[in-house]
Amino acid sequence: MITILRIGHRPERDKRITTHVALTARAFGANEILVDYPDKELEKNFESTCQRWGGDLKIRTGVKWRQVLKEFNGQVVHLTMYGETLEKAMEVIDATQDIMVIVGAEKVPREVYEQATINVGVGNQPHSEVAALGVFLYSLFEGKMPEFNDGQMKIIPNPRGKTVESK
């Protein structure tokens, strides 16, 4: 079970980025995404995406992140540019256990760094949290991408165009 915890979501500023964090979580195989700030529009839009394109990733906003973090029974991976290198972190992380991946929006409180099982610096340079999540999940699942066969639409690989199948 892979849970993504988005901390510091600001709907007026982070709407597109948090949406992209959720889309990346879905596309790369996470099971649920939790967002600390209540955002029913984000939930509605994301659920619509899952209905159209498939997948059963659950989204819940307005969670109390400190409580969720405290109650989580598994490994906590905090994505930050200040952490251990991705290569070394992957040697420590056990993909057979439940994993919570923390993705911050604004400055993350110090307690997140302290409570994390491991702080992972994907690249150890400033870049997008969306990129960090995608690279981390791709590494965790060893490049295996999930297939979604339960949606209303499906992209058919095509080297020269766009082919979308409607069901």
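Coordinate-derived values only; no laboratory data. Here the structure is a predicted model, which means the values were calculated and not measured. With ideal geometry, Cβ positions are generated from the backbone for all residues, glycine too; neighbour counts draw on all protein chains shown.
By other beta-carbon atoms within 10 Å, ranking 9, 127, 20 with the fewest at the front produces 127, 20, 9. Look at the dipole of the chain built from charges on Cβ: of 125, 23, 141, the Cα furthest out on the positive end belongs to 23.
Annotation for residue 82 and residue 125: the two label points, set 7 Å from Cα along the Cα-Cβ direction, are 2.0 nm apart.
Over all other residues within a Cβ to Cβ distance under 15 Å of residue 45, the charged ones net out to +4, with Lys and Arg as +1 and Asp and Glu as -1. Taking GluC sites (Glu not before Pro) as exposed when DSSP calls them loop and at most 11 other C-beta atoms lie within 10 angstrom, the chain has its longest site-free stretch at 1-105. A Gaussian network model of the chain, with springs between Cα atoms under 10 Å, assigns the largest mean-square fluctuation among 60, 52, 13 to 13. Of the residues 70, 15, 40, the one that moves most in a GNM of the chain with alpha-carbon contacts below 10 Å is 70. Between residue 41 and residue 158, the modelled labels are 3.3 nm apart [label points 7 Å from Cα along Cα→Cβ]. Considering only 17, 33, 102, the Gaussian network model of the chain with Cα springs below 10 Å gives its largest mean-square fluctuation to 17. The antiparallel fraction among DSSP beta bridges confined to the chain stands at about 15%. Over the range 2-166, Cα pairs under 8 Å with separation of 6+ residues give a relative contact order of 29 percent. Report the Cα centroid-to-centroid distance between the range 55-123 and the range 127-167 in angstrom, as an integer. Centre-to-centre distance over Cα atoms comes out at 22 Å. Checking every one of the trypsin sites (Lys or Arg not before Pro) in the range 82-141 against DSSP loop status and a limit of 15 other Cβ atoms within 10 Å picks out 107.
Sorted fewest first by neighbouring Cβ atoms within 10 angstrom, 36, 14, 94 come out as 94, 36, 14. Which of rounded, prolate or oblate describes the range 1-76 when judged by the alpha-carbon gyration tensor and an a/c cut-off of 1.5? Oblate is the answer for the range 1-76, as a/c is 1.5 or above yet b/c matches or exceeds a/b.
Other residues whose C-beta falls under 12 angstrom from the C-beta of residue 109 contribute a net charge of -1, scoring Lys and Arg +1 and Asp and Glu -1. For the pair residue 115 and residue 98 in one chain, pulling the backbone fully straight at 0.36 nm per residue adds 4.6 nm over the alpha carbon distance.
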